[in-house]
Structure formats: C-alpha cells, structure tokens
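A short write-up of the structure that comes next.
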Amino acid sequence: MEREALRALVDALAADDAILEETVAALRESLPGYEGVPSESLLASARRNRALSIRTLLDGRAPAPDEIDEPRALMEERMGQGVPIVSVLAGFRVSMSVILRHLLDLAPAFGVPADAALTFSTQLWALGDAFTTRAVVVYRDRSIAQAVADSARRTQWIRDAMVGVLDQAQLRSGAATFDIPLAGPVRAVRAAVAAGDTEDPAGRLQDWAASAGARALAAPRGEGAVGILVGDAGPARPAAGVTIAVGPPVALADLRDSFEGATRVLEAARRVGWDGVVDVERLSWRMAIPASPETTRMLHERHVEPVLAEGAFGGLVLEALEAYLDHGMSIPLAAAAIPVHVNTLRYRLKRYEELTGASLQQPETLIEASWALAAQRGLRRGAPERLS
C-alpha cells in the first residue's frame, strides 16, 4: 500500500469525530463505573486513543508496553474517578473497537486491499495488548503506593490517638475511617514478641483479636506493636511467646489513659516473665514489682541471693520453693509438679529456710518470697528493666 494512501486514510480517521461520540455512548451503556465520569473526560481519552492508533498505523507496528505513556494518564484519571480497573481495561477495548470499525469503513474509499486491512486490525489489537500490559503495571504500582501511604496514615493516627495529641476533628475523622466507636468502650493494647521472633507484632496482635472475637486496629511501635481493641475479647491465647497487655476500657478520647495502663501491664508482665494475655486483674500484686525497684532489690537480696550462692543446688531449692508457692503450699502437688519425691521437696524447702533465715510458716515470708521469685523469673527470661 502506498504511503500517500495510508496518510490520506489516517487523515480521514483523524477528522472522523463520530468516533468520539460513539465511544462515549458505548462506554456509558456497557461498562459500570463510567456513569459519573464527565463527558469531556471521556472525549479527551477517546481523542488520545485515536491519536495513539494513528501513530501505530503510521509506524507500521504496535509499540512495546514501555513505549507508551497514555496508560499512566488514563489509569491515574480513572482511578481518581472511582472507575474499577476491569472497566478501564474493557473501556480501552471498546474504544479500539469503535476506531477499528470506522477505519475499515473508510478503507475502501482509499483503495485499501483486504490484506492491508487485516494488517491494520492486527496492529491495533496488538496495541490493545500493549496498552493493557502497561495499564496493569501502572495500577499495581499505584495500588502499592496507595497501600503504603494508607498504612503510614493509619499507623500515625493510631500512635497519635494513643498519646492523646489529636484534636476532636482528627479523632473523629480517624474513628470514622477506621470504624472505631467514639463513645467506647475501647481498650489500648500493647504486644511484645519473644526474642528472635520474626513475625510482625502488629499482625500477631490483630490475629489474636480476631481469634478472640474482637477487632484490633494495630500499628508497629518499637520492637512490638500497639493497638485499639474494639469489642470484648474472649479467652483465646495469642501465639506462643507473644505477650499482649490490655488496658482498661475507656472512651476513645481517653485512650491515652488506657495506653498508659497497658504500658504498665506489659512492663510488669515482662518483668515477671509472663506471656499470653495479661491485664491488671491477672497480674494483681505483681504490678508493683517494676513500680518499686527498691523493694524488688531488697527482697532479691533477702530471698534469692543467699540461695543462688549455693550454685546448682541453689537453683533446685528455688525451683522447689516456686512449685510450693504456685501450688498453694501443697507438698504433694508441688513435688509432683517438679517432679521429685515429697521428702526431697521438704528437704529443699528446709534448706531455703536455713539459707535465708526466713520461715515458710510466716505469711510475710510467703509474700516476700513470691515477690522475689516472680521478679527472678523475669530476669531469667531476659526481661527489660523498662519499656519504651
């Protein structure tokens, strides 16, 4: 086919504005999502598609996906208008169908043979494939960027809500976006994972909440995670090695109070070596261990250090004492728990009294020894002194 004839054909195609009106009508009639797109926007994209088609015909080949910029402009515009990607891709195919039909209608007037018309069809459909490939890449990149931006906004809102720096408008906006009740009750939660655990703490927190019949909006914080717990959590345990500290129920505007409570709970749980789900009620008097380091040090010196000075045997003595206290001062139950013979347990408890000068018949000794052993358990597990 002569170059002059091809030039005349594409000039006629460029002047055929019926293509534009037909494309707009077909998009509105056949594809969801285009109802609210302004007509001028649709006409502009139809013009771009026609110009891209003409360029392809003049080049004599379809471009590679990375050689065309039109998909990026179209995807950015349509996604901003709320048109789903499936409709965007189908819309381009509709536009190409209209262009090809008009091209084939015009071809006889310029003496275009059948084999040339078939070549034009092949080139334009190849253009459609390249356009689709490029559009999908643009959609993926934009979706990833949007997800990252959304995650950053969510994380910042959660952190700001926790420390009480949001004004009422910001608080209400975030609550509406993330479906968090303003009036409450909600709870702040903090999660910590065992050393060496590579799982995402925020994910661990959300998984636990879901398994417990509640919902947690979570974000990373330091080496752990913080979250807003919505709903009453059941008795489900988190994954092994995960500690989840639950603050008291509050209205969202008072979340800072719950966050401070959860922080104290987590610090106490880590200090005494506990994991699982913990709150003030479960920890009870153990909450005082990190709050009074002077008392903890004094009781350690009184009830633990003299025993540890005995070396490996001292460790067995403390094990016996811990079992005795954990089983309600029952010799048989404590012996079975270790396990050792009841006489062996009695001997080790007697040695504890001899080494410390304390009497297990005195309630004060039971309280002090329980405190010292709880703190010692946390030290054995590498508990931090303070949490950020």
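Okay, here's what the table says:
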item	result
Residue list for the range 224-243, filter: surrounded by fewer than 18 Cβ atoms within 10 Å (Cβ to Cβ) and small (Gly, Ala, Ser)	GLY231, GLY234, ALA236, ALA239, ALA240, GLY241
Condition met for ALA195 (among the aliphatic types (A, V, I, L, M), touching a residue at least 24 places away in the same chain (Cβ under 8 Å), out of contact with any helix residue (DSSP H, G or I) (no Cβ under 7 Å at 6 or more places or on another chain) and outside any helix (DSSP H, G or I))	yes
The range 23-50: number of residues that are in a helix (DSSP H, G or I) and in contact (Cβ under 8 Å) with a residue 24 or more places away in the chain	11
Residue identified as buried (at least 17 other Cβ atoms within 10 Å of the Cβ), outside the structural domain of ALA192 (by TED's automatic domain parsing) and under 30 Å from VAL246 (Cα atoms) among ALA334, ALA369	ALA369
Identity of the residue in the range 13-28, loosely packed, with under 15 Cβ neighbours inside 10 Å and within 24 Å of LEU106 (Cβ to Cβ), that ends up nearest to the chain's Cα centre (by Cα)	ALA25
Tally of residues being surrounded by fewer than 16 Cβ atoms within 10 Å (Cβ to Cβ) and either of a type in the set (Gly, Ala, Ser) or not assigned by TED's automatic domain parsing to the domain that holds ALA14 (or both) across the range 103-115	3
The range 348-361 residues that are in the same structural domain as ALA334 (by TED's automatic domain parsing) and under 14 Å from GLU322 (Cα atoms), paired with ones that are assigned to a helix (DSSP H, G or I) and of a type in the set (S, T, N, Q) (beta carbon under 7 Å, 6 or more apart)	none
Hits in the range 132-177 - residues which are of a type in the set (Phe, Trp, Tyr) and at pLDDT below 95	TYR139
Any hit, the range 244-262, residues being in contact with a Leu (Cβ under 6 Å, 6 or more places away or on another chain) and either surrounded by 22 or more Cβ atoms within 10 Å (Cβ to Cβ) or over 25 Å from SER151 (Cβ atoms) (or both)	yes
Filtered residues of the range 182-204 (kept if surrounded by fewer than 13 Cβ atoms within 10 Å (Cβ to Cβ) and over 14 Å from GLU223 (Cβ atoms))	ALA183
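One line per residue, one yes/no per condition, for (1) free of Cβ contacts under 8 Å to residues at least 60 places away in the same chain; (2) surrounded by fewer than 16 Cβ atoms within 10 Å (Cβ to Cβ); (3) aliphatic (A, V, I, L, M):
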residue	(1), (2), (3)
ASP129	no, yes, no
ARG134	no, no, no
SER143	yes, yes, no
THR155	no, no, no
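The values are calculated or read from the model by the stated rules, or taken from the named source; none is laboratory data. Owing to the predicted nature of the structure, the values given are computational and were not obtained by experimental measurement. Don't worry about glycine lacking a Cβ; one is built from the backbone with ideal geometry, like all the others, and counts go over all protein chains shown.
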